[in-house]
Amino acid sequence: MIRKENLLIVKSTEIARETTEMVLQNQHISRTAQPGQFLHIGIEGHTLRRPISIAKIDKKNETVTVLFKQLGEGTKALSNYQEGMQISALGPSGNGFPYDNLLNKTILLVGGGIGIPPLYCLGKELAAEGVTIKAVLGFQTADSVFYEAAFKELGETLITTNDGSYGHHGFVTDVIGKMGDYDCYYTCGPMAMLQAVTTKLEHQSGYVSLEERMGCGVGACFACVIPTETQGGYRKICKDGPVFAANEVKL
Amino acid sequence: MSELAVNLPGLQMKNPIMPASGCFGFGREYSDFYDLQQLGAVIMKAATGSNRYGNSTPRVAETASGMLNAIGLQNPGVEKIIETEVPFLANYSIPIIANVAGSTLEEYEMVAKAFNQTDSVHALELNISCPNVKEGGIQFGTNPEMAANVTRIVKKASNLPVYVKLSPNVSDIVSMAKAVEEAGADGLSMINTLSGMQIHLPSKKPILANQTGGLSGPAIKPVAIRMVYEVKKHVQIPIIGMGGISNVDDVIEFLLAGASAVAVGTANFQNPFICPELIEELPNALSKYGFLSVEDAIGKGHGA
């Protein structure tokens, strides 16, 4: 259940170009969060909270880890928060990735940029349950690559960069064909990538995790909607999502 | 009568705090955070004659001390709202205000009639000031004659008290207020959002898909206070004040300017508990500034 909580910043590190990894301690959130859920984080001096997905859940140490790109003034300010400070967040928010009946099966994770962290959370959880993990991760350039080693620990992983400065030159969709068979895919990243991935894998069962500028983050303001064929023509990303079956929403 | 209670046409409120239309959905989401029974009243999200999807995304953008929104009156239509949302809110014994929107006079009339037939709606808020819908709303809200017209029609279509929500996007707010008062409005809601825009530097394009949006949040509070203060001098009907309220001092300031109750909008997004927190803090704030009750503070900014 979503609660308004204070989280202690245990660690804050710039792990790639303009990309901050933050370890946050909080009992309620670490105990109840699921892969694919997000925190709606308040930033001093900013009217709107920022939705940031959860990359790691550590129940033992009661921490969750989030990654964010320093894109605007809000996320830049957040990256300057020091260890030992508290942040306010609503969470855990939204619905996570569905993953029933995957024992002895294989899944493909397809991530782009800052869409990669929630897939890591899912992959780590499922690898521990005996699911075979394959991953294709796309970045803009070599200096924006993160979590490569962490994904390789989970399973076969291919890296692509748009400019060819690291890994395969091109987009994730250029190398998906090399990944062999799998039972289900999960994808998160920029909208253009999601459109390309879901089109390319339209005969596969899969789930997409979406991002949109949010107002309330709890389903009241109707800012972050996505068109759908069913459910009255739209769904709310913050409350009904951020994860949807790939064939459920119109990207 | 308790120190926080206020009585407005159709609304017997145990306190003057309510969530503003459009910022609270139909209450369900916030009912997970606290008991809605604590609220003075609730103003529902706008209802139109039929289902509306609204504008494309992005629909919100952050600004200095505020935000822009261009939701575009997304709602499931008045019949569905009466069927599924009003009964939920009716579980709480608090006054329910239905926000009535439309593109034509006929649509306003139809929506008002539909709410009139329910037992659970206590008042209407006439939305003639949404800046985010091309074909409707705002055209009624920027011309005194048209505002008076739509007020008359809605008054005739229902027995419920009508609060007309005024747009700040006019050069003379007082003439708008007087026009709807003469047309039979029972109260005023003010203000709605200010029309604004933000351009995203990396893409060099407006952030909002609708290009323009309505500015809300602390940034607009001085505009709202000025307008409530001016209008209070010229009308007899009560005012529900709103625009950038985010703490209890803001509530007092609106009361001093002449508001009889207040609505809280954008602040709900930052802190879902803002309404119950303000209700809890209000008695102390009243006594801090030397008032015995909410009623005692209303309009006191206008001197003796």
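The values are calculated or read from the model by the stated rules, or taken from the named source; none is laboratory data. Quantities reported herein were computed from a predicted structural model and do not represent experimental measurements. Note: ideal-geometry Cβ built from the backbone for every residue, glycine included; neighbour counts use all protein chains shown. Surface areas here come from the heavy atoms of the whole protein model, side chains and all, with no ligands, DNA or RNA. Shrake-Rupley method; radii C 1.70, N 1.55, O 1.52, S 1.80 Å.
Computed quantities for the displayed model
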{"item": "Number of the condition not met by A:L201 [criteria: (1) farther than 27 Å from B:Q74 by Cβ; (2) open to solvent by 20 Å² or more (accessible area, probe 1.4 Å); (3) more than 19 Å from the chain's Cα centre (by Cα)]", "result": "(2)"}
{"item": "Only listed residue being of a type in the set (A, V, I, L, M), over 26 Å from B:G196 (Cβ atoms) and either out of contact with any Cys (no Cβ under 9 Å at 6 or more places or on another chain) or touching a residue at least 60 places away in the same chain (Cβ under 8 Å) (or both), chosen from B:M110, B:M146", "result": "B:M110"}
{"item": "Odd one out for A:A220 among (1) surrounded by 24 or more Cβ atoms within 10 Å (Cβ to Cβ); (2) within 14 Å of chain B (Cβ to nearest Cβ); (3) in contact with a Ser or Thr (Cβ under 8 Å, 6 or more places away or on another chain)", "result": "(3)"}
{"item": "From the options B:F24, B:F33, residue that is open to solvent by less than 10 Å² (accessible area, probe 1.4 Å), facing chain A (nearest Cβ under 8 Å) and assigned to a loop (DSSP other than H, G, I, E, B)", "result": "B:F24"}
{"item": "Index of the failed condition, B:E181 passing every other in (1) closer than 16 Å to B:A259 by Cα; (2) under 16 Å from the mean Cα position of the chain (by Cα); (3) without any contact (Cβ under 8 Å) to a residue 60 or more places away in the chain", "result": "(2)"}
{"item": "In the range B:151-178, the residues that are in contact (Cβ under 8 Å) with a residue 12 or more places away in the chain, of a type in the set (S, T, N, Q) and in a loop (DSSP other than H, G, I, E, B)", "result": "B:S158, B:N159, B:S167, B:N169"}
{"item": "Test: A:E125 is among the acidic types (D, E), assigned by TED's automatic domain parsing to the domain that holds A:K11, farther than 23 Å from A:K200 by Cβ and open to solvent by 20 Å² or more (accessible area, probe 1.4 Å)", "result": "no"}
{"item": "Qualifying residue in the range A:168-180 (condition: of a type in the set (F, W, Y), at pLDDT 95 or above and open to solvent by less than 70 Å² (accessible area, probe 1.4 Å))", "result": "no"}
{"item": "Among the residues listed as A:L109, A:L7, A:L48, A:L24, the single one being of a type in the set (A, V, I, L, M, F, W, C) and in contact with an Asp or Glu (Cβ under 9 Å, 6 or more places away or on another chain)", "result": "A:L48"}
{"item": "Looking only at the range B:57-74, and only at residues there that are more than 7 Å from chain A (Cβ to nearest Cβ) and touching a helix residue (DSSP H, G or I) at 6+ places or on another chain (Cβ under 8 Å), the one that is least open to solvent (accessible area, probe 1.4 Å)", "result": "B:T63"}
